[in-house]
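Rule-based calculations on the coordinates, nothing more; no lab input. If you're wondering where the values come from, they're calculated on a predicted model, not measured in any experiment. Positions of Cβ are generated from backbone atoms using ideal geometry, with glycine treated the same way; all protein chains shown enter the neighbour counts.
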Amino acid sequence: MTLAVPWKPNALADLSECLDLMTADGTVPGGVIAHGTFDSEPGFLTSGVVAPECGGARPGQDTVYDVASLTKVLATWLLVGTSLMDGFTLDTPVREWQSDISDEAPGGRVTVRQILAHTSGLRADTRLDQYRNRVEPLAELICAEPLIAEPGTGHRYINRGFVLLGLVLAHHRGRRLDELAAEIWQDLGMTNTAYGPVTRSAQVAPTERRLEGGPRLWGMPHDDNAALLGGVAGHAGVFTTPADLAVFAAHLLTSHATDGPLGRWLAHSMRPQAAIEPGLDRGLAWILADEGRVAYHHGFTGTSLYLAPATGRYLAICTNAVYHHQDNRTRLAPLRSLALKAITDAPQGGRPCPAPRSRL
């Protein structure tokens, strides 16, 4: 096993400054960036406060964040990889794994690989609320909807595919998705990772206020569709800490360096499955950049995870950016772009982030 390439201090300094600027700007109340390599102890860059509701509590490595779509890689992708060891396959139609999906259901012919690659052709809007008071199994209802594209023909980010995949995994393994995930997280040493809801405290980052004057979501999943499923879903619902994300990343990178089972699953998942845009491809769940040398994923609440097996480095960004804003893709773009440049060793150039601006 070769040694990892250490982080450059100036790259970490730029990330720290960018996070500070976004905290001062009001883009985020505060946040934590975990960084490290598979053969070193993690480091943590922190800024701001957890949230005003938490008093003066500062965020740190043990602050609990709703990581939203990072659930797709922390739970569902991970469980697919471990299920491959007991006969689960990527290219079998989901109706073969789920007995309550009829042969006539359009979505039943979609494969696990196509769901992971976001090429399933399932409806792009999640909208589980439309199935309230229906008695049919949810997997059957999802698969009964008309496809919007021929499976395997194009990339569309589709949450409901991961909802379906979570149901399929639970059916195949004969246990609830949260139980399956908790078992493997425990084995990896991720002791503060769980599906929500979680008990609110000053160490749990609140997210959005949905009604003017009402309380914020605090310990409850921010994603409406995950909440409809009791907090346990294949696409969202997981809460974790920067320290546990560092454990997860280091384990994957170590396994990759030693040709372990999860490392082989990561390597397979970093083969391009579909083009997203010039310079970016979709692997299995992960977005691929730097000519396939970097895998990353974002969470809507303001989180991101980056892996670079070639150098053994990782970065994890934890913020509760939806505390102030819903338009996180734009507002978090400078920090996420800087993180991607840092992990690929691309030249930074210029100011790391825009100057602070008014939240109003």
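Rounded to whole Å, the principal axis extents of the Cα atoms in the chain read 56, 54, 38, largest first. FRET efficiency for the pair Asn10 and Ala144, taken as 1/(1 + (r/R0)^6) with r the Cβ-Cβ distance and R0 = 56 Å, rounds to 0.55.
If the only charges are +1 at each Lys and Arg Cβ and -1 at each Asp and Glu Cβ, what is the size of the charge dipole of the chain around the Cα centre, to the nearest 20 debye? Could you put the intermediate results ahead of the total?
Numbers: 31 positive and 37 negative charges, 122 e Å.
About 580 debye.
Of the residues Gly81, Pro352, Thr207, the one whose Cα sits farthest toward the positive end of the charge dipole of the chain, with +1 on the Cβ of Lys and Arg and -1 on the Cβ of Asp and Glu, is Pro352. In this label model, Ile276 and Ser99 are separated by 3.8 nm, measuring between points 7 Å along each Cα→Cβ vector. Annotation: peptides 171-178, 34-41, ranked by per-residue average of other Cβ atoms within 10 Å with the highest first, follow the order 34-41, 171-178. Extension gain for Asn133 to Leu90 (0.36 nm times residue separation, less C-alpha to C-alpha distance): 12.3 nm. Mean residue ellipticity at 222 nm, helices only, the chain: -8500 deg cm²/dmol; runs of at least 4 DSSP H residues each add -39,500 (n - 2.57), and the sum is divided by the number of residues. The residues Lys341, Lys72, when put in order of fewest to most other Cβ atoms within 10 Å, stand as Lys341, Lys72.
In region 210-230, which residues have a backbone nitrogen under 18 Å from the label point lying 7 Å from Gln326's Cα in the Cα-to-Cβ direction? From region 210-230, the list is 210-218, 221-228.
Arranged from highest to lowest average of other beta-carbon atoms within 10 Å per residue, in what order do the peptides 250-257, 123-130, 139-146 appear?
Numbers: 250-257: 21.4, 123-130: 15.4, 139-146: 19.1.
By packing density, highest mean first, the sequence is 250-257, 139-146, 123-130.
When only alpha carbons of region 76-178 are considered, Rg and Dmax amount to 12.6, 37 Å. Averaging 1/r over each pair of different alpha-carbon atoms in region 207-301 and inverting the result gives 15.7 Å, the Kirkwood hydrodynamic radius.
Loop-located trypsin sites (Lys or Arg not before Pro) across region 193-236 with a Cβ neighbour count of 12 or fewer within 10 Å are Arg210, with loop assigned by DSSP. Taken about its Cα centre, region 76-178 carries a charge dipole of roughly 300 debye when the Cβ of each Lys and Arg holds +1 and the Cβ of each Asp and Glu holds -1. Estimated at 0.36 nm per residue, the fully extended path between Ser337 and Ser40 surpasses their Cα-Cα distance by 104.5 nm. Length gained on full extension, Asp345 to Arg156: 65.1 nm, using 0.36 nm per residue less the C-alpha separation. Can you find, among Gln61, Ala310, Thr71, the residue farthest towards the positive end of the dipole of the chain? Put +1 on the C-beta of Lys and Arg, -1 on that of Asp and Glu. Ranked along the dipole, the leading option is Gln61. I need the calculated FRET efficiency for the pair Thr2 and Asp187, taking r as the beta carbon distance and R₀ as 22 Å, to the nearest 0.05. Once the sixth-power term is evaluated, E becomes 0.30.
Electrostatic bookkeeping for Thr301 treats Lys and Arg as +1 and Asp and Glu as -1; over the other residues with beta carbon under 10 Å from its beta carbon, the sum is -3.
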